[in-house]
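J.: Okay, handing you the structure first.
Every read-out reported here was derived from the displayed coordinates using simple, explicitly stated rules and does not represent laboratory data. The shown structure was predicted, so the numbers you read here are calculated from the model rather than taken from an experiment. No Cβ is skipped: glycine too gets one built from the backbone with ideal geometry, and neighbour counts run over all protein chains shown.
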Amino acid sequence: MTEVGKTLRVVIVDDEEPARMALRAELAIMPDVTIAGECAHGFDAVKTVAEVRPDVVLLDVQMPKLDGFEVLELIGSDVPVVFVTAYDEFALKAFEVHAVDYLLKPVSAERLAMALSRVRERVRPAAPSTSALRASARKPGEYLERVVIRDGAHVHVVPVDKIDYVEAQDDYVAFRTGGKLLLKEQTMGDVESSLDPKRFVRIHRSYLLNVDRLARVELYAKDSRIAILVDGAKLPVSRSGYQRLQQLL
């Protein structure tokens, strides 16, 4: 909970200048509120939040380059987020559950003040994973078209058709793309549910394969097979994984 009377440090994230100006004007006349940063795109938002560690982020959802969900994935759940959005009713259900608050554009001064009051008063429970948040806001039959991965100071935006396979590594998953492995703190189950099952198949408990990368499957030993990828990489295939692969092919 943010201490009552303490100056609330806010970062504004919106790709539209008029929207940022409107929020800036409303915040300027509020007591005990200061603007700690203002960002026009998601990459800048990730950098700014890491540097200034604000008390709350006013985060737009529909932005180019990185959308609000992807920014949230990269900044984590330590910083409270108030969504500022023109999103549809389906997505708002997810925001009501997972965010401190959400504001519909155009934002009124009263609703903005109420949202910041909730930030001050809220004792935040353990936050759900950002992948769970994004999944709850996806319509049935919709799957990710790209994944975002933070690697130190760098952010990788990887289209799913550039992913060769995904490998489970303890508390992380490794996305193989362009000859590199990029680590992300996420469960294999979350990754599997977010990718199109017509394109990605779980061939082993530790491997999720992009079927477009498959060259052939070879028998390795009795009831043991390996998948040979077009670049020569070899992945183990379990008995159940082989059955799933056969169904897909």
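J.: Suppose each label sits 7 Å from its Cα in the direction of the beta carbon; what would the Asp170-Ala25 distance come out to in nanometres?
T.: 5.2
J.: Out of all DSSP beta bridges in the chain, what portion is antiparallel? Express it as a percent rounded to 5.
T.: Roughly 65 percent of the beta bridges in the chain run antiparallel, per DSSP.
J.: Put a dot 7 Å past each Cα toward the Cβ at Thr7 and Leu219; how far apart are the dots in nm?
T.: Label-label distance for Leu219 and Thr7, simple model: 7.4 nm.
J.: Placing +1 at every Lys and Arg Cβ and -1 at every Asp and Glu Cβ, with all other atoms neutral, what dipole size does the chain have around its Cα centre, in debye to the nearest 20?
T.: Values: 34 positive and 38 negative charges, 203 e Å.
With Lys and Arg at +1 and Asp and Glu at -1, about 980 debye.
J.: Let me ask another. Of all the C-alpha pairs in the chain, what % are more than 30 Å from each other? Before the final figure, lay out each step's value.
T.: Numbers: 11103 of 30876 pairs.
Here the tail beyond 30 Å accounts for 36 percent of pairs.
J.: Sequence-distant or interchain residues sharing an amide H contact under 5 Å with Arg146, placed H: which?
T.: Long-range HN contacts for Arg146: Val160.
J.: Measure nothing but the geometry: give the 0 to 90° angle between the long axis through the Cα atoms of 89-98 and the longest principal axis through the Cα atoms of the chain, rounded to 10°.
T.: It is inclined by approximately 80 degrees.
J.: In addition: Pick from Asp223, Asp14, Asp196: which is most flexible by mean-square fluctuation in a GNM of the chain where alpha carbon atoms under 10 Å apart are linked?
T.: Per the Cα network of the chain with a 10 Å cutoff, Asp223 tops the list.
J.: Kindly count the pairs of lysines across the chain whose alpha carbons are less than 22 Å apart, treating pairs on different chains or eight or more residues apart as eligible.
T.: 19
J.: On to the next question. Let me have the relative contact order for the chain, percent, based on Cα pairs under 8 Å that are six or more residues apart. Don't skip to the answer; put the middle values down first.
T.: Numbers: 421 pairs, mean separation 28.4, N = 249.
Dividing the mean separation by the residue count of the chain yields 11 percent.
J.: Could I ask something else about it? Please give the contour-minus-distance gain from Glu51 to Ala233: 0.36 nm per residue of separation, less the Cα-Cα distance, rounded to one decimal in nm.
T.: Details: separation 182, 0.36 × 182 = 65.52 nm, distance 3.95 nm.
Using 0.36 nm per residue and subtracting the Cα-Cα distance, I get 61.6 nm.
J.: Something else: HN-Hα J couplings of segment 193-209 from phi, Karplus 6.51/-1.76/1.60, θ = phi - 60°, integer Hz, Gly and Pro as x?
T.: Whole-Hz 3J(HN,Hα) from phi for segment 193-209: 6, 8, 9, 4, x, 7, 10, 10, 10, 7, 8, 6, 4, 10, 9, 10, 9.
J.: Separate question: About the Cα centre, and with charges only on the beta carbon of Lys, Arg (+1) and Asp, Glu (-1), how big is the dipole of segment 1-82? Nearest 20 debye, please. Intermediate results must be reported in sequence, preceding the final value.
T.: Values: 7 positive and 16 negative charges, 50 e Å.
Result for segment 1-82 is approximately 240 debye, rounded to the nearest 20.
J.: How do 200-206, 61-67 rank on mean C-beta neighbours within 10 Å, highest first?
T.: 200-206, 61-67
J.: Enumerate the amide H contacts of Gln62 below 5 Å, restricted to partners 5 or more residues apart or on another chain; note that Pro and chain-start residues carry no placed amide H.
T.: Placed amide hydrogens put Gly68, Ala86 under 5 Å from Gln62.
J.: Something else about it: In percent, what relative contact order does segment 138-212 have, based on Cα pairs under 8 Å that are 6 or more apart in sequence?
T.: Details: 118 pairs, mean separation 19.3, N = 75.
RCO, segment 138-212: 26 percent.
J.: Just to check I understand the Karplus step: with θ = phi - 60° and J = 6.51 cos²θ - 1.76 cosθ + 1.60, what whole-Hz values come out for segment 30-37, glycine and proline as x?
T.: The phi angles translate into 8, x, 6, 10, 9, 8, 8, x Hz.
J.: Would you please give the residues with an amide H less than 5 Å from that of Val100, counting only those at least 5 places away or on a separate chain, with H modeled from the backbone geometry?
T.: Those qualifying (amide H under 5 Å, at least 5 residues apart or on another chain) are Val81.
J.: Go ahead and set up a Gaussian network model of the chain, Cα springs under 10 Å, then flag whichever of Val230, Val81, Val100 fluctuates most.
T.: Of Val230, Val81, Val100, the most mobile in the Gaussian network model is Val230.
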